[in-house]
Amino acid sequence: MSLTFVPPPVQKINSEIANNAGVEINVLRLDLMHPWVNGNKWYKLKYNLLEAKEKGYTKLLTFGGAYSNHIFATAAAGNLLGFQTIGVIRGEETLPLNPTLSFATQQGMQLVYVNRETYGQRNSTTLHADLRKRFGEVFIIPEGGSNLNGVRGCLEIISATTQVFDIVCVACGTATTLAGIALSLEPKQRVIGFPVLKNGGFLAEEITQFMNNYVAAGLPISSSSPASWELVCDYHFGGYAKVKDDLILFSHQFTQSYGVPLDYVYTAKMFYGVMDLLKQRYFTKGDGLRPTIGHRILMIHTGGLQGNVGMSERL
């Protein structure tokens, strides 16, 4: 197995709901890029891994929950690229390990469990200093790859396709991906984020800070003026990693109808939201300030399908 990627295809969804709304919807299948290191996880890791390699680090340390896609992808990418990896996991060890953590250990990742209070300090310099005392010279990647390196990688997501879209829709956990996409598009385009956390409106401040810090750092940018963006916070289904029967049913029906598997934590919630908003003609409403846009929508499939195995065990 090598870290060789398949160009992600754009799949058109021939939906009667979309047709009735006068909108074309498509899916950027980032889930098909690589068996283990796929979706937005790779884009958020890419420049972190490059920086670690350039600075001569041999060990990576990062953070995540017990079912974290980021832990899964970091363990695999680190193994394939010759890094030792350490995962700081929120909560107590539970045996047997769930499929996510079992895979991580198979990839050579050392798991370190910390209580929620300690985990809450995961971005603090004090905890980082303690971890370096314990594990030596480690390159620390924040939870979810949520730093400017992560934003930089996400600027490259839309360049995976040569097609042009009016609106890009993406699920949001840390909003790193949305910030990168917005910075990569033109002002006439729009990005809509669907937070998977309850009360996800707080992410607006995170997005603004990411974008401002990225521009201030002088990092590469493809547009002098980024696209507009917004958050739709009504499709979290109870909060992070929470699901309900109608979400599960929707996910199964969507997969059966269009051959696109969805993960329950991220993509299923965003896809559900898009299809529901299509019924409301949300994307074809003008805002009074500009012509109505949204005739071509791109939904980003951010991968994460590995989490469905563990989620199914919990349902």
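Using the eigenvalues of the Cα gyration tensor, what equivalent ellipsoid semi-axes result for region 164-250 when each is taken as the square root of five times the eigenvalue, whole Å, largest first?
Numbers: eigenvalues 142, 42, 16 Å².
Equivalent-ellipsoid dimensions as semi-axes: 27, 15, 9 Å.
What share of the DSSP beta bridges in the chain is antiparallel, in percent to the nearest 5? In the chain, approximately 10 percent of DSSP beta bridges are antiparallel ones.
Just the C-alpha atoms of region 83-229: what Rg/Rh do they give, with Rh taken as the Kirkwood radius? Present the calculation step by step, with values, prior to reporting the outcome.
Details: Rg = 17.8 Å, Rh = 17.4 Å.
Computed over Cα atoms, the ratio is 1.03.
Helical runs (DSSP H, four residues minimum) scored at -39500 (n - 2.57) apiece and divided by the length of the chain put the mean residue ellipticity at 222 nm at -11500 deg cm²/dmol.
Residues whose amide H lies under 5 Å from that of GLY304, counting only those 5 or more places away or on a different chain, are absent; hydrogens are built 1.01 Å from N in the peptide plane. In region 1-98, one over the average inverse separation of all distinct C-alpha pairs is 15.7 Å, which is the Kirkwood hydrodynamic radius. Summing charges over neighbours of LEU203, with a neighbour being any other residue whose Cβ is under 15 Å away from its Cβ, gives -3 when K and R count +1 and D and E count -1. Solvent exposure of the chain, expressed per residue, is 45 Å² of accessible area, with all protein chains present and a 1.4 angstrom probe. For region 247-257, backbone phi angles converted through the Karplus equation (6.51, -1.76, 1.60; θ = phi - 60°) give residue-by-residue couplings of 5, 4, 4, 4, 4, 5, 5, 5, 4, 5, 6 Hz, Gly and Pro being listed as x.
Among LEU28, LEU81, LEU183, the largest mean-square fluctuation in a Gaussian network model of the chain (Cα springs under 10 Å) belongs to LEU81.
What's the whole-number percent of alpha carbon pairs in region 63-170 lying beyond 25 angstrom?
29 percent
Each other residue within a Cβ distance under 10 Å of GLY180 adds +1 if Lys or Arg and -1 if Asp or Glu, for a net charge of +1. Given H placed 1.01 Å from N in the peptide plane, which residues other than close sequence neighbours of ILE140 have an amide H under 5 Å from its amide H? When sequence neighbours closer than 5 places are left aside, the close amide H contacts are LEU61. Summing Cβ point charges (Lys, Arg +1; Asp, Glu -1) relative to the Cα centre of region 105-256 gives a dipole of roughly 360 debye.
At 25 °C and 0.890 mPa s, grab the translational diffusion coefficient of region 140-179 from Stokes-Einstein with a Kirkwood Rh over Cα pairs, rounded to a whole number in µm² per second. Spell out each step's value before the answer.
Working: Rh = 11.2 Å.
Estimated diffusion coefficient is 219 µm²/s.
Near VAL168, once Lys and Arg are set to +1 and Asp and Glu to -1 for all other residues with Cβ below 12 Å from its Cβ, the sum equals -1. Backbone amide hydrogens, once placed in the peptide plane, bring SER228 within less than 5 Å of GLN189, VAL191, excluding anything fewer than 5 places away on its chain. When a 1.4 Å probe is rolled over the protein heavy atoms, the share of accessible surface on region 79-184 that falls to carbon and sulfur comes to 45 percent. Once every Cα of region 166-214 carries one equal point scatterer and solvent is ignored, give the base-10 log of I(q)/I(0) from the Debye formula at q = 0.15, 0.23, 0.26 Å⁻¹, two decimals. Taken in order of the listed q values, log10 I(q)/I(0) reads -0.35, -0.81, -0.99.
Principal axis extents of the C-alpha atoms in the chain (largest first, rounded to whole Å): 58, 45, 37. Taking the dipole about the Cα centre of the chain, with the C-beta of Lys and Arg at +1 and of Asp and Glu at -1, give me whichever of VAL243, TYR113, GLY304 is farthest to the positive side. In the chain, that residue is TYR113.
Classify region 159-315 as rounded, prolate or oblate, taking a ≥ b ≥ c as the square roots of the eigenvalues of its Cα gyration tensor: rounded when a/c is under 1.5, otherwise prolate if a/b is larger than b/c and oblate if not. Verdict is prolate for region 159-315. Rg and Dmax of region 54-102, both derived from C-alpha coordinates alone, stand at 11.5, 37 Å.
Pairs of Cα atoms nearer than 8 Å and 6+ residues apart set the relative contact order; for the chain it is 22 percent.
Treating only the Cβ of Lys, Arg, Asp and Glu as charged (+1, +1, -1, -1), what charge dipole size does the chain show about its Cα centre? Round to the nearest 20 debye.
Values: 27 positive and 24 negative charges, 59 e Å.
With Lys and Arg at +1 and Asp and Glu at -1, about 280 debye.
The values are calculated or read from the model by the stated rules, or taken from the named source; none is laboratory data. Small disclaimer: the values here were computed from a predicted structure and weren't measured. Cβ atoms come from the backbone with ideal geometry, glycine included; neighbour counts cover every protein chain shown. Note: accessible area is taken over every heavy atom of the protein model, side chains too, but ligands, DNA and RNA are not part of it. Shrake-Rupley method; radii C 1.70, N 1.55, O 1.52, S 1.80 Å.
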